[in-house]
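For reference, the structure is listed below as structure tokens.
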Amino acid sequence: MTQKYKNTRSNLYATRGDFCHIYVEEMNGLFLLSLLLTADPQKAEQCFLSGFEDSVRDNYVFKERAHSWARRSITLRAIRLLCPRPGEGTESNGVRFSPLIGNEPAEVHAYPDFARIVALNSFERFVFIMSFLEKYSAQECSLLLGCFRRDVIYAQATAVRRLASVVNDTETQPENDFVSFAGVN
């Protein structure tokens, strides 16, 4: 490999140092993504660290895509860790979230709407986060989650309906309305 080719490649692709910088600079947001996906602080930490390891491993990712690659690594690790599937039941994860009460990171404590997301069942939570917050298409969600596209579309509608009903039942201040926060109309 010529030196010119090595220099060109190093300018185009993200390095381990680039990923380290991303994980340090965006630590709170990346951990919050892990926490929202897993709904469990210990699993969130495991997911965050595994995502970091995946990112710094010899991956050839364009520098301008490194931020989204870091988020994607965490999402993929969370999928592998929890294996969310459609039809696992309609129970919420509200009981599982209770260990976080009083111990939640500042981002979760500052936004009670995050607790509502975590209270969704795991498949709906993954679909909601991936499609509305991370902007994955229904097709991409179905491929990553190993399900049919119709399952993703149904879970999107169900999650929005559940979140909207909780907001309508409990919120009195419009500035805290989750629907406007998520940009869902």
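Computed extension length for residue 28-residue 42: 3.5 nm, one decimal, from 0.36 nm per residue of separation with the Cα-Cα distance subtracted. Annotation: amide H of residue 121 within the under-5 Å range of 93, sequence separation 5 or more or interchain, hydrogens built in the peptide plane.
Residues whose amide H falls under 5 Å from that of residue 13, counting only those 5 or more places apart or on a different chain, are 63, with hydrogens built in the peptide plane. Applying 0.36 nm per residue to the separation of residue 21 and residue 63 and subtracting their alpha-carbon distance, the gain on full extension is 13.9 nm. Phi angles of segment 119-127 translate, via the Karplus equation with coefficients 6.51, -1.76, 1.60 and θ = phi - 60°, into HN-Hα couplings of 6, 5, 5, 4, 5, 4, 4, 4, 4 Hz per residue; Gly and Pro are given as x.
The numbers here are math on the coordinates, done by the rules we state, and not lab data. Fair warning: this is a prediction, and the values are worked out from it, not measured in the lab.
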